[in-house]
Every structure is written in C-alpha cells, then in structure tokens.
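Notes follow the structure.
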Amino acid sequence: MFLRNCWYAAAWSNDLADAPLPRIFLDEKVVLFRTASGRPAALADQCCHRAAPLSRGAIQGENLACGYHGLQFDTSGRCVLVPGQTQVPPGAQVRSYPVHERWNVVWIWMGNPALADPDKIPALTWLADSKWTVTPGMIQVHSNYEFIVDNLLDLTHVTYVHKKTLAGDPREATAPTRTERLPNGVRVGRWMLDFVPPPLFAKAGNFKENVDRWQFVTWTPLSTVVLDVGCAKAGTGAPEGDRSQGISIWSTHLVTPQTQTSSQYMFSYARDFALDDAEMSRLLLEGTHATFMEDADIIEALQTNREGGSLDGLIDITADAAQLQARRMLKRMIDEESRSVAAE
Amino acid sequence: MFLRNCWYAAAWSNDLADAPLPRIFLDEKVVLFRTASGRPAALADQCCHRAAPLSRGAIQGENLACGYHGLQFDTSGRCVLVPGQTQVPPGAQVRSYPVHERWNVVWIWMGNPALADPDKIPALTWLADSKWTVTPGMIQVHSNYEFIVDNLLDLTHVTYVHKKTLAGDPREATAPTRTERLPNGVRVGRWMLDFVPPPLFAKAGNFKENVDRWQFVTWTPLSTVVLDVGCAKAGTGAPEGDRSQGISIWSTHLVTPQTQTSSQYMFSYARDFALDDAEMSRLLLEGTHATFMEDADIIEALQTNREGGSLDGLIDITADAAQLQARRMLKRMIDEESRSVAAE
Amino acid sequence: MFLRNCWYAAAWSNDLADAPLPRIFLDEKVVLFRTASGRPAALADQCCHRAAPLSRGAIQGENLACGYHGLQFDTSGRCVLVPGQTQVPPGAQVRSYPVHERWNVVWIWMGNPALADPDKIPALTWLADSKWTVTPGMIQVHSNYEFIVDNLLDLTHVTYVHKKTLAGDPREATAPTRTERLPNGVRVGRWMLDFVPPPLFAKAGNFKENVDRWQFVTWTPLSTVVLDVGCAKAGTGAPEGDRSQGISIWSTHLVTPQTQTSSQYMFSYARDFALDDAEMSRLLLEGTHATFMEDADIIEALQTNREGGSLDGLIDITADAAQLQARRMLKRMIDEESRSVAAE
C-alpha cells in the first residue's frame, strides 16, 4: 500500500532535458518530459493506440509524439494529432499526472489531481540558493522505500555499515540521540561535544583540534529526509546556534517508491564552504557515493529476507525510536487516505 | 489461445541438417531432426524414460537417440531400442508432430494430425524457383505473434520506426493504402507514382530519376506474410502490370508463436535482379536486419505493456484497417476450432 | 517434500574458516560459522532485529555479530549483546540448527533438534584416514536432489553421457549389474573381469594388460552416495577380496537439497595409491570435474522438463532397478516422518 496523495520527487530538474524519461512510480509506468517552452509534464508511459511506451517517442513542441505511429499528446494527455487522418478518434487520451518544479526538483503527484497543492512541497530552500553549492545524484535501490527511510533515521548503523568510510571518534558508537515528533515529520539528532573530527570534515574545514559535531535528521512524509551535519571548533557556541566557526553539509534524500521492492533514490549534498571548489565537489561526491553503496548493499540484502517493507515478526531496539515514530505516522496517513478513498 | 490446426513454419530446410534442433512452438517443447535418409521429423522434446531433452541426443540412421541412456525413437515417436535389454517396455512412446517440407521450409502441424493436409501449406513458389535469389534468416522476438503480424500489415509505422533505414520520398508518410479481404487472408497495399526512389532501390536498380513504387502486403493465416515491394521507371506501365523496367523484392515473413509473449520469426528476401551478386545479397541482408531490429525493438517494448497479444482498452486509427481485418479473421478461425474441439 | 530428520552435509570442514557462509538448505536460509574456539554452528540467516542476513556479519569470539547494527548471537541463536543498550530485548533470538563435525564434514540437522543423534551420521572413515588421500570439491546443480542420486545409482548412462571422458572397454555398455537392498540404503554394482582398463586407471596403476574391474555404488539416505571403483591385475583374486595388486578410488557424493530444483553437491575422491603425488591429485580433480559437468549438464537439462524430482508419467527400464529401490525407500521415510509430525 502506497501513500498516493503526496508529492514525490520525480527527477532533478537538470536531468529533464530534451528527451523523455521512462520512470516507474508506485507500480505505474510514467513518462516524464519537458516541452519546448520548458514546461515539465508526466503521462502514463503507454500510447492509447498500440501501447508503445511514449518514452520511446520524441518531444514535438509542446507535445510528446509516439515513436510507433506519430500520435501526439499534449501535457494533459489528450491526443492532438493522428498522422494521416484529419480527426482524432474520440477517447484518444492517456492519463496525465500533476507535476510541479520547485527547488530544482520535478515533483509528481500520483494521487487525486484535485488535491495536488504545490504548497505541500517540502521547503528545501538550500537546493536553489546561491549561498550553497549542491551536488546531486541518483541511484536505484532494490528495496522497499521504508527500509531506506529507516536507514536514514538510524544513526547507529554507521559504526557497522560504514566502518570503512565514516570512521570518526570511537565515542560516536554510543553517543545518545534524541527523537522529536514534528507536526509533519520526525527529527532525530545529537550533539557530540569536543570530539575528534572525522577525516573528511577535518580536511574540508581545516580543523586541527577537536570539534563540536552535530547530526540532525529530519523526515518529512513521504519522500524527503534531510540531514544537517557539521562541526565547529570546540567551544565556539555551535550548540547555542553560532556556526560561524564551523562548516555545514545539508544532505537531501528524496526516496520515491517504484515498486514494493525497489525505489528511486535521489540525493544531493549542499555545502556552505568552498563553494566554487570543484575538487571539494568531487571529494564529496566520491565519498558519499561509496557510503551510499554500503547502505544500498545491506538494505538490498535485508530486502531479500522480507516481503515489501514489513517489520512483522522482528524485534525493536532503543535506537529504532525515530524510525518507529516515522512508520507510525506514515501508517496513519495511509490508513486515513484509504478511508477517505473508500468514503468517496 | 493459439490456432492449432494449421501449418507453422518450423525451420528453413537448410538449417535442419545432421543435428537435432530444440524449438518451442505454441508452448510445447519440440525437437526437429532430419533422418539419415533426409526425412524431416518432429517429436516432443522429452524422452519418455527420464525426461531428458531429445534435442541433446544424436541422429542414428532413421532414429533419434536420447543422449542420456541411448533409447532410440523413430519418426513416429515410437521407442524402437532400449540399450541393454531385449524388449522395449510397453508405452515407450513420445508424441510426434506431422511435418512437411515445401518451398525450402519445414512446416509443422501442432493440431489434430488427421487434419494435416499438405495442400494447405501456402504457395510460396519464389522460395524454390531459380528465377529468384533468396536470402533467409531467423530471429526470436519477445512479443506475441499478433503484434508482429500487425506491424507487417501496417505501412504507416515506417515513417516513425524506420526513419534511419528506410527514408524515402516525404510524401510516403501520407500516401493512401487500400485494404482487401481475401478468401483466406488480407491484403493491403498502395501505389506511389512518380516518387523519389529510396536509396537501396535507387542503388539496386540504378534509377537516376523518379519511379513508380508499389508496396503490397498479403497475410495468410497464420504464419505467413508476404511483401511484394518494388519500383519501376516512372510511367513505364508498372501499375498496369508491366514490371519489365523495374525491380521486385518479395519478402516472406513466417511467424510462429513460441509462447504468448515470444515468437520465432523467419524471414527471407527474394529478388529478381542481380541474381548471382553476393554483394547485393550482403547489402540486402544487412539492410533488412537493421530494419528488423528496429521493428523488434518497438514491438518488444510495447509487449511489456500488454498481456499476450490483446488490444483491449486501446483505440484504433484509420491505418489499422488491414490488421483489424486480419485479427477478426484469426479470431473467427480460433473460435471455430475451439467449438469443433469442444464438439468432439 | 523433504526429509527433515536426517543429517545433511553442510560444508567441508576446511571451507568453514573465519568468515560466515550463507547457504540454502531445504528452502531455508542458513548461515554457517565457526567460532574462535573452533566450534561450528548454524543459524537462520536473518537477524531478528532488521532481517539483515547474518552471513554479512562477522565472527566475534564465540558469537556472530550482525553487520547492520552489531547485535551478537551465540551458537544457540540467543542474542547476547545489543550495542548501545544494557539489556537485550526479550525474544531476541534466531533459530539455530544442530550441527556436528565428523569425517572432515560439517553436518546439519534441519528437522527436530531432539532427534539429532550424531551416531546417525554415515561412516565415511576414508575421509579422515591417513591411508587415503582426499581431494574435495563442491558445485551447485540446478536440479532436484533425486535426479542427482538417480544418476549416481545408474551405471548405464556412462556410455552416453561420458563418452568423451570415461571411454573404457566396449563391453562395459552391457555388463550386467546387481542391485541389493541394504538395511539403510541401496547398493548396486558389478564386476567386469579381464577388461581393458580405462585410460585413467591404466595410467594411475601402471596396468599394461587387462584388469578385473569393479564398480559398487552405495546410497545411504539421504545425502550420501559412495562409489567404490577400481581395478586389479586380472586373475589376482580381486573378486574374492584380494585387492593387493590393484588400486581403489572411493568417491563420496554428498547431495543436499537447496530447493526442489537446486542442490548443493559436495564430492571427494579418496585414493589408496600415489598418496603424496600432487600431480595425481590434479589429474583426478580435473578428470572428475569434467565428468561432473557432463552429469550436471544433462541433469539440469532434464530438470527443465520436470516439476521437482517427480518421475510421474515416465516409463522405467531394467537399468533403473537401484534408483527405483532408493526412491521407494526415501518415499517411505518421508511418509513416515509426515505421519509422525502429524501425530505430534
């Protein structure tokens, strides 16, 4: 069961250029395209004539043309041209999905179009702000989206899964976290004061001595997890809000279900330092890619032991608090949606 | 649902030599072989003793020997030898299928053997006529056979699917076609008078000026589609039947269902010019192979959106007339066969 | 339906070293590991916390640690440590399987642990006896285990399947065999007196003239088939028990069902000659590997024609006597087990 009435990240804006893109979201085949005038659109990826995937076609002005017989569809999914005949047959139409472009992300609404309010898109201002340098990426993970969200809300797996890439102060393994329920989401995080900085931060921030580190993870249903991580020279007031002697990385994780056992995983790293340093961008991308592959590897392995994203029959530990809050909130939203659909 | 009582193309005669060939037709595993005396045969590809595929065996005179324990079967499927024992156990028998070799094609009958009349094999005289040079080939297409037949009876997809390989006169996209229902089949075609010749024809026929072009497609249930295409110097009477100043290619397409979503696709090109020109054969084979791959690519892509060969829920356009005729005729034949089987 | 209450070969002792091994036995995912003190163990390959495969983890002293969050399990499957918290949650436990190491094999019991009596492990003394040199190996065969056992109990397929590798005296094809039912198994074999020795034996034993050959195959349910094959100078009393002028190879075949259509196949060759001759070991391993691949090839091919290991609808021949005895005995054991489980 998926939550349908919410905005899902469909693509990075830059990836939607002059070719249509095939995607699978919530078990449905979708074609994304951008018209000649720059407008993004999403249609069912199946021509209403002979079922050819429209993603095999080509953009023609404001329309998408099927690659099999040239039928053209506008962004609403209406067939507007059948080559070789003057009239378009009645009912020549494919499903269209609301899309909206914000924060350099193309968002898609897989549910009731009447409810697709762009104001519900999470505020990810740093993705479109010149004070930050952003390095985006995308992978496919063969896992239910809930296991990916679980993993992002879980700070304890770092010691075991990322021992090769994120080795830091040995006290990190047991540094306590605090979980907060937000009006629309869950937040978990911690401060680690006077800690040895991890190598990447030490290098990036030129820290020679201990630092005050922070890690805050915020999940907003359904697609968005934001990590605010960084460190500042120890004792310079970071916990009180003064980050002037520190560096921050805001990493944004946009997880969109493809099927019950596979997910589109878009991510990006926004930094507030070395803004024009291409070498720093490369360093961060390579470092985070290796880390993601470690996550994907274990998550895909556990998925082979599960149906969908269920935790049935498993036990919980203290470190699961944030993910359990998130799962409860998500379950309530899906249940409410089911009830309201049933009521209609 | 497959039509069972009809001749299907099983193999090109040349491909059935001294080794048995495994095949799947209509969801059944079949082994084709040719005995030492040259007689073609088809048996169920499963030994009645320990189920080993007989296609792993070897031809022994007029029999096929299993590669596991050496049991031998004659062309009727009867076990005639069990090595190491004097008597063949009762019931040692595998199913045999009627086969008949004609026009350099081995044909197989998957239905009631009593109805397997060789006179029902379509007349493909040019495949065994010294006035024609024939270049045969075979591919597997991961698609229902009906989509392949649809595609062959559809002259409008050429503009979109084959724009890289079959670019001709721009007026071709909208040149009208005429569909005819035949007593046993469907025919669609058109004349394009005073047109720029497509590059391959220009080269093959040494045409420097415009030509009168023709394209005629004839489908005979179930397995056979013949394309009669060519061109002649404009105004030399080709439409009235005088092809003496032109060149013809008869291409034969023999589609045999393997499963609901895969097909054996045999094809050949017969030409009445440059008969002994090996370079011309190479040119035609390479050109047509590229074209077939374009067809297979789009057909296999649309198959991923469909169950079997169904058009349920799709809309039709004017250009579909021939394929819709063919599908209706085929459906009637399958329905009649079902009724007659049920009546028995 | 698998027999559960019996010892299955899980691994060669040498293959179970300092890394956990993932296995599938009887449709269940199992992790094998050896603790720091050398004790072998087998657990369900799924952490009770977030379902990660424990085979991705690491051995920590006498425990196995999950690679996701570091939970540690002892050899009984009890969770003994959850990093970051002082108490282990109630119910934190994974299933453990009885294992026992004997004859350089780690055996596993997939059924009722209360019945796991090590005295029921077959006596394979030559695998741990300095008078024999043993060369072990393991492959996976995509076939039901019964077809593999059938094949081992069948001396007649050699002529057809192994004509490239085991060519011997032409009279071998029809040399009669004798099948015996044992209290716990089946034995089939034959003597071939005054025969040309096969090339490998001729070379290994330096035989210049004819030999008396023997082949005896003994199946012990469920996992074990032992072949006692060899030859001695003709007329020196081998049939009466005097092998002093001959050489013997005892080959041991340990077949463990993974699923209904795939099996773990462990094998080893024990010889009583050229004990320290590495070249002889290499020769035997290479020769037998080629032979096994021929067996696997035909068995996997016939499996594609069958569901599970069933012989339903097939006919039997005289040469099947031993395998039919074995199948009957096995079926009776499985039926008895089902009844006793149902009675509980």
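The values are calculated or read from the model by the stated rules, or taken from the named source; none is laboratory data. Note that this is a predicted model, so its numbers are computed, not measured. Quick reminder, even Gly has a Cβ in these numbers, built from the backbone with ideal geometry, and neighbours come from all protein chains shown.
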Hey, among B:Thr156, B:Thr174, B:Thr125, which residue is within 14 Å of chain A (Cβ to nearest Cβ), of a type outside the set (A, V, I, L, M), out of contact with any strand residue (DSSP E or B) (no Cβ under 9 Å at 6 or more places or on another chain) and surrounded by fewer than 21 Cβ atoms within 10 Å (Cβ to Cβ)?
B:Thr174
If only one of A:Ala319, A:Ala274, A:Ala301 is surrounded by 13 or more Cβ atoms within 10 Å (Cβ to Cβ), touching a helix residue (DSSP H, G or I) at 6+ places or on another chain (Cβ under 7 Å) and closer than 21 Å to A:His157 by Cα, which one is it?
A:Ala301
Filter result (part of a helix (DSSP H, G or I) and out of contact with any strand residue (DSSP E or B) (no Cβ under 7 Å at 6 or more places or on another chain)) within the stretch A:277-286:
A:Ala278, A:Glu279, A:Met280, A:Arg282, A:Leu283, A:Glu286
Pairs please, first residue from the stretch B:230-255 and under 19 Å from B:Gly168 (Cβ atoms), second anywhere and buried (at least 18 other Cβ atoms within 10 Å of the Cβ) and polar (S, T, N, Q), Cβ atoms under 8 Å, 6+ apart in sequence or on different chains.
B:Gly230/B:Ser248; B:Ser251/B:Ser268; B:Ser251/B:Thr288
Selection within the stretch B:115-125 - assigned to a helix (DSSP H, G or I) and over 16 Å from B:Thr220 (Cα atoms):
B:Leu115
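B:Ala326 - would you say it is of a type in the set (A, V, I, L, M, F, W, C), closer than 24 Å to A:Arg56 by Cα and part of a helix (DSSP H, G or I)?
So B:Ala326 fails the test.
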Residue, surrounded by the fewest Cβ atoms within 10 Å (Cβ to Cβ), within the stretch A:59-93, restricted to residues that are touching a residue at least 40 places away in the same chain (Cβ under 8 Å) and in contact with a Phe, Trp or Tyr (Cβ under 6 Å, 6 or more places away or on another chain):
A:Ile59
Confirm whether C:Asn151 is closer than 13 Å to C:Ala322 by Cα, crowded, with 20+ Cβ neighbours inside 10 Å, among the polar types (S, T, N, Q) and touching a residue at least 60 places away in the same chain (Cβ under 8 Å).
yes
Being in contact with a helix residue (DSSP H, G or I) (Cβ under 9 Å, 6 or more places away or on another chain) and within 8 Å of chain C (Cβ to nearest Cβ) is the requirement here; does B:His69 meet it?
yes
Within the stretch A:310-323, residues being part of a helix (DSSP H, G or I) and among the small types (Gly, Ala, Ser) number 3
Of B:Val226, B:Val141, B:Val188, B:Val161, the only residue that is touching a Lys or Arg at 6+ places or on another chain (Cβ under 8 Å), touching a residue at least 40 places away in the same chain (Cβ under 8 Å) and surrounded by 17 or more Cβ atoms within 10 Å (Cβ to Cβ) is B:Val188
When the residues of the stretch A:83-95 are filtered to those that are touching a helix residue (DSSP H, G or I) at 6+ places or on another chain (Cβ under 8 Å) and either β-branched (Val, Ile, Thr) or on the phi < 0 side of the Ramachandran plot (or both), which remaining residue is nearest to the other protein chains (Cβ to nearest Cβ)?
A:Gln85
The stretch B:131-153 - residue that is part of a strand (DSSP E or B) and not hydroxyl-bearing (Ser, Thr, Tyr) and, of those, farthest from the other protein chains (Cβ to nearest Cβ):
B:Val134
Evaluation of B:Ala274 against (1) more than 10 Å from chain A (Cβ to nearest Cβ); (2) at pLDDT 90 or above; (3) assigned to a loop (DSSP other than H, G, I, E, B); (4) more than 17 Å from B:Asn151 (Cβ to Cβ) (one fails), failing number
(2)
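Residues are listed down the side, and each one gets a yes or a no for (1) within 14 Å of another protein chain (Cβ to nearest Cβ); (2) over 30 Å from C:Lys29 (Cα atoms); (3) assigned to a strand (DSSP E or B):
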{"site": "A:Asp242", "(1), (2), (3)": "no, yes, no"}
{"site": "A:Trp250", "(1), (2), (3)": "no, yes, yes"}
{"site": "A:Val255", "(1), (2), (3)": "no, no, yes"}
{"site": "A:Thr288", "(1), (2), (3)": "no, yes, no"}
{"site": "A:Asp295", "(1), (2), (3)": "yes, no, no"}
{"site": "A:Leu302", "(1), (2), (3)": "yes, no, no"}
{"site": "A:Gly308", "(1), (2), (3)": "yes, no, no"}
Considering (1) under 21 Å from the mean Cα position of the chain (by Cα); (2) over 22 Å from A:His162 (Cβ atoms); (3) of a type outside the set (Asp, Glu), say which one A:Ser281 fails and leave the rest.
(2)
I'd like the full set of residues that are modelled with pLDDT of 85 or more, hydroxyl-bearing (Ser, Thr, Tyr) and over 25 Å from C:Thr304 (Cβ atoms), limited to the stretch C:138-177.
C:Thr177
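Among the candidates C:Ala17, C:Ala44, C:Ala36, C:Ala52, which residue alone is free of Cβ contacts under 8 Å to residues at least 60 places away in the same chain, surrounded by fewer than 21 Cβ atoms within 10 Å (Cβ to Cβ) and within 14 Å of chain A (Cβ to nearest Cβ)?
Step by step, each of C:Ala17, C:Ala44, C:Ala36, C:Ala52 is checked, and only C:Ala44 is free of Cβ contacts under 8 Å to residues at least 60 places away in the same chain, surrounded by fewer than 21 Cβ atoms within 10 Å (Cβ to Cβ) and within 14 Å of chain A (Cβ to nearest Cβ).
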